[in-house]
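To start, the structure under review is shown below, and the notes come after it.
The values are calculated or read from the model by the stated rules, or taken from the named source; none is laboratory data. All figures in this text were calculated on a predicted structure; none of them were measured in a lab. Quick reminder, even Gly has a Cβ in these numbers, built from the backbone with ideal geometry, and neighbours come from all protein chains shown.
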Amino acid sequence: MNPIIKEITDSQVKTGIPPFKVGDGVRVHTKVREGDKERIQIFSGIVIARKGAGIHETFTVRRISYGEGVERVFPVNSPNIETIEVELESKPMKARLYYLRNRTGKAAVAVSVKTRRTEAAAAAAPAAPAS
């Protein structure tokens, strides 16, 4: 990116974005304006792609709604995005999950979920006897 453009747009880049990656389940809270009213609408799904950098960064979220696949592309730094919540973390197998478009049913949302084992749970579990 051109250093002059980067310098100008650095002040517009959001800083409070939670770290998320391709394969994670997210809930995107977007502002919707209807006439003179404004409300928050939630779009929940799996991140299938992240593109760009800086002010131009976007991510694509896919979900299944009434049997149809629905995708939305969100600019990360958009003022219309209120918050981004990470619902589930995954172990990504690829940089883009476009292969989910060809799947139906439960397979359309099947990603390898990352399991976290807390230190308290690990301490409470009995140790395996040494043989």
Checklist entry - Restricting attention to the range 45-71, which residues are of a type in the set (Lys, Arg), touching a Ser or Thr at 6+ places or on another chain (Cβ under 7 Å) and under 13 Å from Val28 (Cβ atoms)? => result Arg63
Item to check | For Pro18: the one exception among (1) in contact (Cβ under 8 Å) with a residue 40 or more places away in the chain; (2) surrounded by 14 or more Cβ atoms within 10 Å (Cβ to Cβ); (3) within 11 Å of the chain's Cα centre (by Cα) | outcome: (2)
Checklist outcome for this item: Over the range 70-80, the set of residues surrounded by fewer than 17 Cβ atoms within 10 Å (Cβ to Cβ) and not in a loop (DSSP other than H, G, I, E, B) is Val70, Glu71, Arg72, Val73, Pro75
Checklist entry - Just wondering, is there one or more residues in the range 27-37 that are under 26 Å from Lys106 (Cα atoms) and without any contact (Cβ under 8 Å) to a residue 24 or more places away in the chain? => result no
Next on the checklist: Just to be sure I understand the filter: pairs with C-beta atoms under 7 Å, separated by 6 or more residues or on different chains, first member in the range 84-105 and modelled with pLDDT of 85 or more, second member loosely packed, with under 12 Cβ neighbours inside 10 Å and among the polar types (S, T, N, Q). Which pairs pass?
Outcome noted: Ser90/Ser112
Checklist entry - Can you find even one residue in the range 88-96 that is out of contact with any Gly (no Cβ under 9 Å at 6 or more places or on another chain) and assigned to a loop (DSSP other than H, G, I, E, B)? => result yes
Next on the checklist: Tell me whether the range 45-62 contains one or more residues that are farther than 26 Å from Lys106 by Cβ, charged (D, E, K, R), under 16 Å from the mean Cα position of the chain (by Cα) and in a strand (DSSP E or B).
Outcome noted: yes
Item to check | Subset tally (residues that are touching a residue at least 60 places away in the same chain (Cβ under 8 Å) and among the aliphatic types (A, V, I, L, M)) for the range 55-80 | outcome: 1
